Amino acid sequence: MTDPLAAVLARYPGAVSFRYGDSAALNAEILALVRAGTKTMTCDALAAFEARGEALPETGRIDIALDWEGAPALAVETVKVERIRFDRMDEGRIPPQGEFRDLAHWRAGYEAYLTRAGHFAPDAMMVVETFRVVEDFGK
């Protein structure tokens, strides 16, 4: 029997697989926002990528977002990558992230998320990725 992730990775050479969020509920919420087209930008601390040994997003690369169980959910292409300090995030980058009401809500949510992961600092370097959905494996 073919491994579904291996088959998808073979179709997208150079792709990296990853999970949104740090819980099943958050993962499902974020995948739903991406599928709806509400979320076209995401971010995480540079230190978190380094701690996980995960490749940073690269403009033009297509990566595979997994559901919480590890099954391929979406293929997303990175359109733009920026590095912005946590304390320099601006209001204009909040709406494309989909799940936040405003900058204060983003700061509270990401401070909690990064604290759970052990990566919060007011000056933490954030990797901000703008992306587009290429394929939805749930359809």
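Observations on the structure shown:
- Percentage relative contact order, the range 1-71, counting C-alpha pairs under 8 Å, at least six apart: 52
- When PHE137, PHE49 are compared by accessible area of protein heavy atoms, the largest-first order is PHE137, PHE49, using a 1.4 Å probe.
- Sequence of ARG19, ARG116 from largest to smallest accessible area, 1.4 Å probe: ARG116, ARG19
- Relative contact order (%) - criterion: Cα under 8 Å, at least six apart; region: the chain: 32
- Sorting 81-93, 26-38 by average packing, meaning the other beta carbons within 10 Å per residue, from highest down gives 26-38, 81-93.
- At R0 = 22 Å, FRET efficiency that the Cβ-Cβ distance of ARG35 and LYS80 yields, to 0.05: 0.60
- Built amide H within the under 5 Å cut-off of ASP67, gap 5+: ALA73
- Per residue convex hull volume, Cα atoms of the chain, in Å³: 106
- Virtual paramagnetic centre 7 Å along Cα→Cβ of SER17, amide N under 20 Å, in the range 52-80: 52-58, 61-78
- Applied to the range 97-110, the Karplus parametrisation 6.51 cos²θ - 1.76 cosθ + 1.60 on θ = phi - 60° returns per-residue 3J(HN,Hα) values of 7, x, 9, 10, 6, 6, 4, 4, 5, 4, 4, 5, x, 6 Hz, with x for Gly and Pro.
The values are calculated or read from the model by the stated rules, or taken from the named source; none is laboratory data. Keep in mind it's a predicted model, so treat the numbers as computed, not measured. Please note: Cβ atoms are built from the backbone with ideal geometry, for glycine as well, and neighbour counts cover all protein chains shown. Protein only, heavy atoms only, side chains kept; ligands, DNA and RNA dropped before computing areas. Shrake-Rupley method; radii C 1.70, N 1.55, O 1.52, S 1.80 Å.
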